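S.K.: Quick one: this structure, given as structure tokens, is what I'll be asking you about.
The values are calculated or read from the model by the stated rules, or taken from the named source; none is laboratory data. Because the structure is predicted, anything quoted here is derived from the model rather than measured. Cβ atoms come from the backbone with ideal geometry, glycine included; neighbour counts cover every protein chain shown.
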């Protein structure tokens, strides 16, 4: 069985051969340009996109740092200096006495630091009184504007009087 092909599509025709050769040449040129220009460009594009994401992240971190810098400077302004430590203890004692608690001697030792350096100061705060008063005092310490934290709290009861030993933490600045 013979297949009849029109005369315009015969391979022997010069126009068809030129068209096939031009098509094959363009296909080879397209593959060459893709492998030389497009493929390396896509790799470079993905590298540039990764670098762009990293730069955006770093910028977001910088903006966040700038926003938090003012907050931290406000906190640092609230950190008592070494010379202000007796005032902090006095405020705590007055607050406890206002709540009808009796306070024993408060013991603290300020470490020596260079000017502006922060030091973590731990001190004990013994008091005794009714449980409700002690509970209210603990609440006042936790919600006070002063930069004081509770590290440890021990309580013991004897004949209806609750004895509390509170270990407090604060930061102090060197002078």
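S.K.: Can you pull out the residues in segment 134-163 that are in contact (Cβ under 8 Å) with a residue 40 or more places away in the chain and loosely packed, with under 11 Cβ neighbours inside 10 Å?
M.R.: Within segment 134-163, just 145 meets the criteria.
S.K.: Within segment 123-133, work out how many residues are touching a strand residue (DSSP E or B) at 6+ places or on another chain (Cβ under 8 Å) and exposed (fewer than 14 other Cβ atoms within 10 Å of the Cβ).
M.R.: Summing the residues that are touching a strand residue (DSSP E or B) at 6+ places or on another chain (Cβ under 8 Å) and exposed (fewer than 14 other Cβ atoms within 10 Å of the Cβ) in segment 123-133 gives 1.
S.K.: Here are some conditions: (1) at pLDDT 85 or above; (2) under 30 Å from residue 168 (Cα atoms). Residue 88 meets all but one. Which one does it not meet?
M.R.: That leaves (1) as the condition not met.
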